[in-house]
Every structure is written in structure tokens, then in C-alpha cells.
Amino acid sequence: MKTISADEIKYRVKDLGADLCGIAPIERFADAPSGFHPTDIVKECKSVIVIAARFPKSTLSVSSPAAYTFVRNRLVDKMDAITFQVSSDLENLGGCAVPIPSSDPYDYWEDGRRHGQGILSLKHAAVRAGLGQMGKNTLLVNNQFGNMIWLGAVLVDEELEPDQLTTYQACSPECRICLDACPANAMDGITVEQRKCRSISGRYTEGGGFVYACNLCRKLCPHREGI
């Protein structure tokens, strides 16, 4: 691939509308689960570019879940469009660059547990790219935007200058606000039981539309808007 710097990639990413961009070297994924390692997707992967866009916080202040759902879906489209364009730009320079879907489809689904996983955990990739830390609500928490962000990623076959890992703490040890507020009791501070979460987090309206009906773990977090 024609030589391109990490700074040039970040400039391009932000020019396309992202708010954050971090880069993780492949060595930081040594503990990734088998089948969900970047090299399981792209054998020659050497770096993971992770991008994030701000989730407008005003959507948490309305009574109807329609606005939150609309913004969430538009962010999926936005991040997929950015990673698609970045991967296309990098491929035009002669490299291999593969965009990772920011939401569906799942590459793994266990029906009994209603448990799904994408081909790469974007939240864990973001931690490894220096964009934040995982909160007890299993959402990524960034010092600037809190948990109000949406993620995307591109896998590349070039060694790019990595970002430093963050050192701040996402949650205080004694905080249990999100855990105690969860109507489904789906979280233990480390993981989320998707079967329980899915039972209340999404529903179909009488008109047939699907909405994300619960976002308390995001909304009630003291660090939802930054640390």
C-alpha cells in the first residue's frame, strides 16, 4: 500500500463525519476469543482502525422511544458509510482494508440464550485503540463523550502508529446505579445477559414499527456525557 500515516487516516475519518478515531496494533488482541480475533476475519490484519460518532444526548430526554431509535439507526448508517468509504480509499492505495458492520448482522447466534455476537467486538476494539474503557453497563465510556457514542472499525494489513491506551476509570468501584436500575436485572457489572436484556429493550409498536424501548443503563450513568 502507498505509504499513508495514521494522522492522515484520522483526518480523513473526521472529514467524513466521525468524532473520534483510534488505532490498535494487532498485538493488543492476543486475548480475543477464538473465532473473533481480527486475523480470523482478515488473516493479514496488522492494525485496527476504530472510529466513533457522538450520540446526540437530547434523545434521552424525550418520553417516546421513537427519537432514540431513529438516531440510533441513523448512526448505524453513518458509521457504516464512513468505514465503507475509508476502506475503499485505503484499498485504492493498494492495501487490504475491510470494514466491520457497526451493528447487524450477527456472525454468531445462540437461540436459547438469545445471545448474538458480531464478527468483532467493537467495544473491546475501541478499548484497545485508546478510545475509552468498558463500563459496568458494558458500554464503552469515553472521557469526552461518555457512553453517548457509536462505533465502527476497519481492519488493515499495514502497521500503523497506534494510540496509547487510556488510563482513566470508567466507573467508580462502589457505583451500582445502572445495575440496580436495570428492569430485567440483566447485568452483573462485567457482562450482560442478552436474553434478559432483549426481553424489555426492544418491542414492536401497535403500528408494526420496532423501537428500542429501554436505555436506562445509558441514560442513568453518571458518566454518560463524559468523565
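Give the residue, chosen from C221, C214, C178, that is over 17 Å from V71 (Cα atoms), outside any helix (DSSP H, G or I) and among the hydrophobic types (A, V, I, L, M, F, W, C).
On inspection, the qualifying residue turns out to be C221.
Does segment 187-196 include one or more residues that are small (G, A, S), closer than 18 Å to Y212 by Cα and in a loop (DSSP other than H, G, I, E, B)?
No, because not a single residue in segment 187-196 is small (G, A, S), closer than 18 Å to Y212 by Cα and in a loop (DSSP other than H, G, I, E, B).
Do we have L155 as assigned to a loop (DSSP other than H, G, I, E, B), of a type in the set (A, V, I, L, M) and surrounded by 15 or more Cβ atoms within 10 Å (Cβ to Cβ) here?
No; evaluated as a whole, the condition is false for this residue.
Between a first residue in segment 209-222 that is touching a residue at least 24 places away in the same chain (Cβ under 8 Å) and a second residue that is of a type in the set (F, W, Y) and in a helix (DSSP H, G or I), which pairs have beta carbons less than 8 Å apart while being 6 or more apart in sequence or on different chains?
Between residues of segment 209-222 that are touching a residue at least 24 places away in the same chain (Cβ under 8 Å) and residues that are of a type in the set (F, W, Y) and in a helix (DSSP H, G or I), the close pairs are V211/Y68; Y212/Y68; N215/Y68.
Let me confirm something: among P173, P162, which residue is out of contact with any strand residue (DSSP E or B) (no Cβ under 8 Å at 6 or more places or on another chain) and surrounded by fewer than 21 Cβ atoms within 10 Å (Cβ to Cβ)?
P173
Just one of the numbered conditions (1) modelled with pLDDT of 95 or more; (2) part of a loop (DSSP other than H, G, I, E, B) is not true of S172; which one?
Looking at each condition in turn, S172 falls short on (1).
Checking the structure you have, find out if any residue of segment 69-80 is free of Cβ contacts under 8 Å to residues at least 60 places away in the same chain and in contact with a helix residue (DSSP H, G or I) (Cβ under 6 Å, 6 or more places away or on another chain).
yes
The values are calculated or read from the model by the stated rules, or taken from the named source; none is laboratory data. These figures come from a predicted structure and were not determined experimentally. No Cβ is skipped: glycine too gets one built from the backbone with ideal geometry, and neighbour counts run over all protein chains shown.
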